[in-house]
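Structure first, commentary second.
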Amino acid sequence: MESVRKMTDNLCKIASNTLRIPEQKILKGCLSFSKDMVMSMKKIRIAAFLLAALTLVPAVMTSCGGDDTTGTETNADNGTAAVTEAQTAPADPLAARLLVDDGVETKDYGGVPFRIVTSDGQTSYYEIETETGEVVDDAIFRRNSRVEERFNIDLQITFDKEYWDTSKHITSLVSAGDDAIELVAMHAVECGLLGIQSYFYNWYDIPHINFDQPWWSESSKMDLSYEGFAPVAVGDFVLSAMASTYCTFYNKTLAENYDLPDIYSVVRDGKWTIDYLVKTTKDIYNDLNGNGQIDSEDFFGFASDTRSNVGAYLWAFDNPIFTRRDDKLIYSYKTEKMNDIVAKLVDTFSNYQGITTDFGASWNYGRDVFAASRAIFAHAMLKHSLTALADMTDDFGFLPYPKWDEAQKEYHTLVDGSHQALAVPTTVVNTDMVGAITEVLNAESWKTVIPAYYDVALKVKATRDVESVEMIEMVVDSRKFDFGYIYDGWEGPSFLLSDFVAQKNTDFESTYAAKEKAIVKHYEEVIAFFENYEG
């Protein structure tokens, strides 16, 4: 125990000098030798992970490290064998990632093109022409270069203007029987729609794909697969699946000005609920422009638009569209709780001067009010911390979405439907090559790009305090990829909650009743499609 204490003391001093954060704050977040030792060690791990990201990522991106060898020696006192690890085994989890075998045999494909199609807004996630000195850009450039060199291929990425253009692109090619694209990375809901129209292979039929590997989302197995069939999958090659995760931004400077309690502690104690958020922010208001009217130029406790980031509350409140029961997927959207959810959210965004929204007029209203330091809390996506919030002078941090109540065990959130999902057109001839390259693209992304984005760009560049590192991990771990959302096909209930709030409509029962027959019919057809798949 004492050795752990000394190690952590030294680590915190180094981190304090490196991050320019007061040492007592780091100690507070990293070391809590209470009766709950598990939590203490988790905090120590987070601090170590952060420091490692700062000091080791540049090195691990350019080197694969040494061999992991072990040896044995005899203990003269008791005659038992003690196993010791060679010093070459990397202690840091980022360096250790590089040694994980992707399980794919290296082959020479003779310089053939490997053609990927996606949409224009995703350009920076997939293709960087040269190293720029920016950590994430360089990681993407190196990933692509490594895969091209290892398999002697030419990565060719086409960027359609909009996601619906990608849909037209794919349907046109497949309908013509044209083997012109190896891999699709496209809007997840639109990808799901094409998936249930037989435009894509079953991922389980593609050689080399291993959903048990850490570079594939667990949801690819648990939520997006059914009866051994998965036309759509989410892996770490689609960086947007992390970047587009919905979270709550938290302006620490303003919170201190208003004498709010430590919200991080509220989250850890499981008390970060929608009622807590409303109670805390509903009366925080200041008419900044002095016009006597509540408008977007004023100051608020909480800001949000009422589009998909309000829709995310369906999952935050643990009321998914589908649940798995006895290995069967059950449509479970309509619950008694839905009446209360709709009423609660309409009340939240309609009746308090300290809570502002634009009722559906903008995709980024809450984010923009927060970026102007005119709100203490706001809902937005993780990626906005690197763009819209990059120039903020106030200290800000990250929080998960609030829970429905304290009885709910876990925090949950949604990844915006605009995030990318992966699919293979049925016109592809060389599925062996496609599987090998796709598996390695995901593996290399997990090894280098995700650490660069998550452990450096987000956890260091975008955060202003050590506690936010813990919170980001909590947000990312709480992501949901719902079967009903991915295969909504624009005919399911995935976006109804946003409509209720934007229209200030609390009549869930009659509104849903008018749509229920069509929604249920849609999902019956989806389930039948999966159950009747024959390969």
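The values are calculated or read from the model by the stated rules, or taken from the named source; none is laboratory data. Just so we're clear, the structure is a prediction, and the values are computed from it rather than from any experiment. Neighbour counts run over all protein chains shown; Cβ positions are idealised from the backbone, glycine included. When the accessible area is computed, the model is the full protein with side chains, heavy atoms only, and any ligands, DNA or RNA have been set aside. Shrake-Rupley method; radii C 1.70, N 1.55, O 1.52, S 1.80 Å.
Points worth noting:
- Take every Cα pair under 8 Å whose residues are at least 6 apart in sequence, average their separation, divide by the length of the range 405-504, and the relative contact order is 47 percent.
- Projecting the Cα atoms of VAL135, GLN156, SER167 onto the charge dipole of the range 125-171 (Cβ charges, centred on the Cα centre) puts SER167 farthest toward the positive pole.
- Principal axes of the range 451-510: Cα extent on each, largest first, Å: 47, 26, 15
- Comparing Cα centroids, the range 366-405 and the range 436-463 end up 22 angstrom apart.
- Applying the Karplus relation 6.51 cos²θ - 1.76 cosθ + 1.60 with θ = phi - 60° to the range 96-106 yields 3J(HN,Hα) values of 5, 4, 5, 8, 6, 6, 7, x, 10, 6, 6 Hz, where x marks Gly and Pro.
- Across LYS271/LYS517; LYS271/LYS459; LYS337/LYS459, pairs whose alpha-carbon gap is larger than 27 Å: LYS271/LYS517; LYS337/LYS459
- The string of couplings for the range 170-181 from the Karplus curve (6.51, -1.76, 1.60, θ = phi - 60°) is 5, 4, 5, 5, 5, 4, 8, x, 8, 7, 10, 9 Hz, one whole number per residue in order, with x for Gly and Pro.
- For ALA375, the residues 5 or more places off, or on other chains, whose built amide H falls under 5 Å of its own are PHE300.
- The range 334-437, dipole about Cα centre (Lys/Arg Cβ +1, Asp/Glu Cβ -1), debye to the nearest 20: 160
- At the residue level, LEU260 shows approximately 40 square angstrom of accessible surface with a 1.4 angstrom probe and all protein chains present.
- Applying a threshold of 25 Å to the alpha-carbon distances of LYS344/LYS480; LYS161/LYS221; LYS221/LYS515; LYS252/LYS447 flags LYS161/LYS221; LYS221/LYS515; LYS252/LYS447 as lying beyond it.
- Taking every protein chain into account, the 1.4 Å probe leaves ASP455 with about 0 Å² of accessible area, to the nearest ten.
- ³J(HN,Hα) computed for each position of the range 474-484 - Karplus, 6.51 cos²θ - 1.76 cosθ + 1.60, integer Hz, glycine/proline x: 5, 4, 5, 5, 8, 4, 10, 10, 7, 3, x
- Residues with amide H under 5 Å from that of THR158, placed H, sequence gap 5 or more: ILE116, VAL117, THR118
- Enclosed volume per residue, in Å³, of the convex hull spanned by Cα atoms of the range 387-426: 152
- Straight-line reach from LYS168: taking Cα to Cα under 13 Å and skipping same-chain neighbours fewer than 8 places apart, the aspartates and glutamates in range are ASP160, GLU190.
- Over the range 89-219, the Kirkwood radius and the radius of gyration, each from Cα atoms, give a ratio Rg/Rh of 0.98.
- Residues whose amide H comes within less than 5 Å of that of THR387, counting only those at least five positions distant or on another chain, are absent (H built at 1.01 Å from N in the peptide plane).
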